[in-house]
Amino acid sequence: MAKLVTGQTLLSKHVSRRDHVLLVNPPVEETRYSWLRWNQPLDLLRIAAALRDKVRCQVSLLDCMKPDKAGDVQIEWLPRDRRYATVGGERYPMRRYGEPHDALAKRLEKKTFGDKRPTQVWITSLCSYWHQSVAEMCRVAKQSLPDAQIVLVGSYARFMPKHASESCAADFVVSKFPSLEKASLLDLYGREMPPFVAVDLDPEMMVADVTAAVERGVVDVAFFVDDLCADGGQPLAECVARTEHLHKHLRYHAICGLKPADITPAIAKTLGNKKFAEVHLEEADAADSSLDTDAYAAAMRYLADAGLPTGSDRLSGFVWIGRPGDELEDLIRRCLDVLQACGSLILKPFTPTPGGPEHRAHAAYLDSIPHRYWSPHFFPFAELNKIGRDEYHDLYRLAAFLNEKVRNRSFDMLDGTLGAQMLRDSLRREVWKLEPSALRVVDQPADL
Amino acid sequence: MRLGGIDPSIIRELSGVYKPFPKAFKELISNAFDADADEVLVEFADDFSCVTASDDGCGMTPFDFRNDFARIGGGSRRWSGDRTKRGRLRIGSKGIGFLALARYCERLRVESQADRTAKINIVVPAGTGPIDVTKWLGVPMSPEILTTCVSPTVTAGSRRKKTLREGHGYIWQPKRGRITIDKKIGPANVVLKVDCRKLRFTAVLDFDKLLRLADNADLEKLDDFASIEVSLSDRSDVKHNTRITAEALRPFVRKDLRSERRKGFVRNISSYGGYEQFLWSLSRCTPVQYRKGTDVDASSHIFDFLCEPTQPTLRKLEVVHATVAKLVERPIYALEPSSPKLHKDMLIKVDIDEHGLKAVGFLAGYESIIFPAEYRGVSIRVRGVAIGEPGFLGAETILTGASKAALSQITGEINVLAGLDAVDTLNPGRESFYEESEHFKILRRHLVGEGERVGGCVYRAVSAVIRRSQVRSGLSDVLGRVGLRRRVLDDISAAVTNLVSQGDDASRAIKEMLKSNRSELNGLSKAPEFDFVLPPRVGGMPLVAKRELESASNVDYDAEQVLLDTARREWSWSLLLFDREFVVVHKRGLPEHPIAEVDFKKREILVNWGHAAKPQMDDHSFLKMALSFALAKAAGRKDARLAMDLAIRLLSYAGSSNG
């Protein structure tokens, strides 16, 4: 059984200058991974910088999720025995995203990482419910590098240390890691850089990361932060001000952490910068748990003043689905409200953080569900909410349809014809990889 | 000018010998070679409406043009010998080359000059009046040219010849183009000496008109199918001695040349664009130098085999279109940068010296199919020019099955140094040999043997290819089986990891089992060891186990052995079960012994290869079943349902999608 340690202990007692640490971002086994292109092991890149700076040991990176030269991440079906996961009577196709484990075994056995074979393999995970892939990665590492110590870091180790120590053939499970104030070590990617760089809101680190990325030809910057509006938006403004001149094609992607209620005119002005290619607003709840339409209205007013009006291709709003207490009618109303506010809608399936408030509130219910089925795409609260998974899937179709209604004018020249309808249906199915549904919005809401 | 005595239908037939266009065009290059040219420049008009071949050879006088070039059967070999002045073996012989382009263009414009003197002999009977010199010269010449370049020598008497001086027995009037011999002289002999060094002629052969003539046309109408103009020229202006232009290329030729490369990835020359195909054809059928690639491995012997220095070629053949110049060189597959490595045992030397036939060259076999397909087969060059397309002299119709398939992996090149004379053994157009030729029979015997069985060099090459293929497939079979066994172990290892992470009853049972240190063996431990031996040979070569090879296997064709790196993980029988390493031990137990047992104390899993179930399945299926059952039994020892569930889950687990 693996030993539970803190990051501090690990760095001070179990890693030395003589070590060669291989950092691994393992592949992901999921039914759907819409945000695949934004997978970057920011924690590993920070850890790498700390290891090189403090411990001064050799560090290598194996990012299985890094897109290839064509910008694609390898996707393959899981083998036949695990090709479908059946959750609540619903069959979900399962795929592996990223480099498969058997290919990794071959890479680890060859001298891919220099002459000195890795003495420690640190494996991260972005989400705890992807733990099976982490366990398999541990096995592959142990088998290919029998003398190396296996260390688990990341969300799985942090949120479920006991589970990790029992389920993975690791030597150490790092339950807590000190905050690392080091810029990412992008040089670990070598010549083949990923298409974007993930950053957080610390201006010093962000500037260092973006500068390093731009030097390597990467111009897309994604903010991986929970609160993009922290400190009244001052850090965000500073980050943008200090980096926007670095490259004329630099593009920022505000993919998370943007709460409508926190958006001030100053923040809106920053977001209105044309270098922001994507701005996604988190769902805002009022005190009575209804949608905070006032917050949306204010935020949209500020954003419109800053040059980012409703309906802009750069703007969209998230709507959570699958949260405990969901009601279908309320969800549809929220969809329509967010669509009206932002002009575009993205459904965001919800899953509780292990040990978080939703978990604590529904511990008995959730603990009866195997952790791998906590994936938001399986809607772990479906039974609790008494909403069928097929109904959640219909919501996806509804969102696609609504987006189509408002935004897509591609087939306007065929408007009203069966051809246009068929083209739109086909496009929607292609985008969402869903089978056609009988659900249709018959009447267009008056205010759309 | 006329083509005396030739029926137009024969002309039509002869012109059809040369096809397609590049094969016809090559005649101009062959003529340049026979004229001792070193460099030939081919220039296409941007729209492919015409093409010009210019060379720096010895050129033609207007009389050469009339008597040799534009005359059926006027091949210069007959009266100038087999070799050119510079000692090259002549390519042309039959004297029909000038008709080669007749079907492909409307006109052929020939411009040339030569540093030579021509002599025309006229026997003048006694009492003959003034002689029209231009009629005897056969080409129209202006008074200026006659004055400058023509000088007559007149001798009198039929037995004792006496040279006359001008004005004393004869009068030479160049401006009128006539010689008048005094009637008192009696019979005389006039030799017109024409200094051609300052003469340049331009002739136009009107093929359109020639081919339009019907079979019953009056032969006299052929007289004016060619026109010739002779002029004085300053040699310093002239870069090339001969310049031949095929004017107004026919629309189908232009279309072919303009055709585009087939879309997508193409491997064969026939899918290239028309102009690229033209260049390729020219490189195969003209006497040009070999394209020398990087001299590596066995291919470095190729030039020794070909005796290349003894075969003179054009120094440079350049083709220009749309200002882009391309050097035409003869490619050899073995020397192409993209060709795979040529191994010594696949390179077969050809050296024939029998009854006047002397030929040298090589055949080369490859482990993979040769692309472009046009490289496949043996190319035979006579006098530096390939005869027809590469082939196997009929072996392809005799061989069947794998041997026939092996031909697609063989290429070759043979230079005929002596024998197989072009006149007696080659069909017009040099597209094939006369099979009755003794030299051809000798060549065929050496290359493909006699009778209904293929022998000779082709047989050796086919055998070498097949042997490699057998070694490769045997080795692949051995490595495949090893890989499958390793995969079974990896699958079981991954299945255990997967079960542990499930967090259910099976997971707990597996974890419990792995903590165990018990050793409950039921007789299998005392059974004799089962040795997984390697097959002794693959493809006739012994297998030798070796450690630390750069690759999993290495075939040493020189030492005739196959080396296998048995230190690699594929050969290991270790099995990682979660965090504990086990070793799979093979036993030859009795059919009634357990299929497998786990010794947790020694960390061994004993597999009974003598079990009754083994004959029902292959090695890896049996191994997977044995391991699954043994582990399921050990983990679910208190619960038969759990054990069965575990066995099924372990058996059905696949590590990767393509398994």
Please report, largest first and rounded to whole Å, the three semi-axes of the ellipsoid equivalent to the range A:41-157, where each semi-axis is the square root of five times an eigenvalue of the C-alpha gyration tensor. 28, 16, 15
Mind checking the dipole of chain A: about its Cα centre, +1 per Lys or Arg Cβ, -1 per Asp or Glu Cβ, Debye to the nearest 20? 1860 debye
How many nm is it between the label spots at B:Ser516 and A:Ala230, if each spot is 7 Å from the Cα in line with the beta carbon? 5.2 nm
Can you give me the Kirkwood hydrodynamic radius for the range A:87-230, using every pair of distinct Cα atoms, in Å to one decimal? 17.5 Å
Here, the range A:96-157 modelled as identical Cα point scatterers in vacuum has Debye log10 I(q)/I(0) at q = 0.15, 0.29 Å⁻¹ of -0.44, -1.32
If amide H atoms are modeled at 1.01 Å from N in the peptide plane, then the residues at a separation of 5 or more from B:Tyr290, or on another chain, having amide H under 5 Å from its own are B:Arg330
Positive-end residue, chain A charge dipole about Cα centroid, Cβ charges, pick of A:Ile267, A:Ala299, A:Thr86: A:Thr86
Any idea what Rg and Dmax come out to for chain A if you just take the C-alpha atoms, in Å? 22.8, 71
Under a straight-distance cross-link criterion of Cα-Cα below 24 Å, which lysines are reachable from A:Lys269, leaving out those fewer than 8 residues away in the same chain? A:Lys248, A:Lys259
Report the semi-axes of the equivalent ellipsoid for chain B in whole Å, largest first, where each axis is √(5λ) for an eigenvalue λ of the Cα gyration tensor. 84, 24, 19
With unit charges on the beta carbon (Lys/Arg positive, Asp/Glu negative), name the residue among A:Ala208, A:Ala103, B:His343 whose Cα is farthest towards the positive pole of the charge dipole of the protein assembly as shown. B:His343
Cα-based helix-to-principal-axis angle, B:619-635 vs chain B, degrees rounded to 10: 30 degrees
How far is helix B:21-34 tilted off the main Cα axis of chain B, in degrees rounded to 10, range 0 to 90? 60 degrees
For A:Ala85, distant residues with modelled amide H under 5 Å away: A:Tyr92, A:Met94
From the backbone phi of the range A:213-223, what are the Karplus-calculated ³J(HN,Hα) couplings (6.51 cos²θ - 1.76 cosθ + 1.60, θ = phi - 60°) in whole Hz, Gly and Pro given as x? 5, 4, 4, 9, x, 9, 10, 9, 10, 10, 7
Accessible-area value, B:Arg569, 1.4 Å probe, nucleic acids and ligands omitted, Å²: 50 Å²
Highest GNM mean-square fluctuation among A:Tyr129, A:Tyr296, A:Tyr365, for chain A with Cα springs under 10 Å, belongs to A:Tyr365
Can you pull the accessible area of B:Ile269 for me, 1.4 Å probe, Å² to the nearest 10? 10 Å²
Gain upon complete extension [B:Cys307, B:Leu590; 0.36 nm per residue less C-alpha separation]: 95.0 nm
Descending principal axes extents, the protein assembly as shown, alpha-carbon based, whole Å: 144, 86, 59
Taking H as built 1.01 Å from N, whose amide H comes closer than 5 Å to the amide H of A:Val121, not counting residues under 5 places away? A:Leu22, A:Gln149, A:Ile150, A:Val151
For the range B:338-449, what mean projected area does the convex hull of the alpha carbons give, in nm²? 7.3 nm²
Can you tell me, using C-alpha contacts under 8 Å and at least 6 residues apart, the relative contact order of the range B:486-609 as a whole percent? 29 percent
In sequence order, calculated HN-Hα J values of the range B:459-465 (Karplus, 6.51, -1.76, 1.60; Hz; x Gly/Pro): 4, 5, 5, 4, 4, 5, 5
So how tilted is helix B:274-285 from the main axis of chain B? Cα-based, degrees 0 to 90, rounded to 10. 80 degrees
J(HN,Hα) series, the range B:162-167, from Karplus relation 6.51 cos²θ - 1.76 cosθ + 1.60, nearest Hz, glycine and proline x: 10, 7, 9, 9, 5, x
With label points set 7 Å from each Cα along the Cα-to-Cβ direction at B:Arg445 and A:Leu384, the distance between them in nm comes to 9.5 nm
For the range B:550-659, Rg(Cα) over 2.2 N^0.38 Å is 1.29
Taking the Cα centre of the range B:104-197 as origin, work out the dipole magnitude from +1 charges on Lys and Arg Cβ and -1 charges on Asp and Glu Cβ, in debye rounded to 20. 480 debye
Say the dipole of the protein assembly as shown comes from +1 at the beta carbon of Lys and Arg and -1 at that of Asp and Glu; which of A:Ser16, B:Pro22, B:Leu514 then lies farthest toward its positive end? B:Pro22
Enumerate the lysines that B:Lys161 could reach by cross-link, defined here as Cα to Cα under 22 Å, with residues fewer than 8 away along the same chain left out. B:Lys119, B:Lys183, B:Lys184, B:Lys193
Electrostatic dipole magnitude of the protein assembly as shown [Cβ: Lys, Arg +1; Asp, Glu -1; Cα centre; debye, to 20]: 4360 debye
Extent of the range A:145-266 along each principal axis, from alpha carbon coordinates, in Å, largest to smallest? 51, 39, 20
So for B:Met513, B:Met644, A:Met160, what's the accessible-area order with a 1.4 Å probe, most first? B:Met644, A:Met160, B:Met513
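The values are calculated or read from the model by the stated rules, or taken from the named source; none is laboratory data. This is a predicted model, so every value here is computed, not measured. Counting neighbours? That spans all protein chains shown, and the Cβs are built from the backbone with ideal geometry, glycine included. We work out accessible area using only protein heavy atoms, side chains counted, and drop any ligands, DNA or RNA first. Shrake-Rupley method; radii C 1.70, N 1.55, O 1.52, S 1.80 Å.
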